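Please read the structure below before turning to the comments.
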Amino acid sequence: MKAQCYSSNQSRVIVHKYPLEDNVAYNQKEEAKCLAAVDEILSKDPNVAGLIVEPIQAEGGDNHASPDFFRKLRGVCKQRGVYFVCDEVQTGCGPSGHFWAHE
């Protein structure tokens, strides 16, 4: 199974293969491509104020990236002076096993 995540301009940014534990190397490469794409987008537009992510995309299934990806994405945002916002409307307050899914 594959899950696709899109940027606001609908260009493909990341495609994970599931189950995650069987596709670690492939998914790490895809996450690295996504981080590079985000960094490139942010480098081209210094006026970006924030980046909003869903730690778990629950609407279309249980789609999520690795904790390492989110730590690195937060680092890219911090380096560029961009606010990193986790949209936890569907995943906050415990359904992920933690109070917040991004923990």
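Once both labels are positioned 7 Å from their Cα atoms along Cα-to-Cβ, the gap between E40 and E21 label points is 3.4 nm.
Computed extension length for A32-D68: 11.9 nm, one decimal, from 0.36 nm per residue of separation with the Cα-Cα distance subtracted. Derived scalar couplings between HN and Hα for region 34-47 equal 5, 4, 5, 5, 5, 4, 5, 4, 5, 6, 7, 10, x, 8 Hz in order, rounded to whole Hz, by the Karplus curve 6.51 cos²θ - 1.76 cosθ + 1.60 (θ = phi - 60°), x for Gly and Pro.
Under a 5 Å amide H cut-off, with hydrogens placed 1.01 Å from N, D87 pairs with V53, E54 among residues at least 5 apart or on other chains.
Students sometimes get this wrong: rank Y18, Y83, Y26 by accessible area, probe 1.4 Å, all chains present, largest first. Can you show the working numbers first?
Numbers: Y18 40, Y83 170, Y26 75 Å².
Largest accessible area first, the residues go Y83, Y26, Y18.
The values are calculated or read from the model by the stated rules, or taken from the named source; none is laboratory data. Please read these numbers as outputs of a predicted model, since none were measured by experiment. No Cβ is skipped: glycine too gets one built from the backbone with ideal geometry, and neighbour counts run over all protein chains shown. Note: accessible area is taken over every heavy atom of the protein model, side chains too, but ligands, DNA and RNA are not part of it. Shrake-Rupley method; radii C 1.70, N 1.55, O 1.52, S 1.80 Å.
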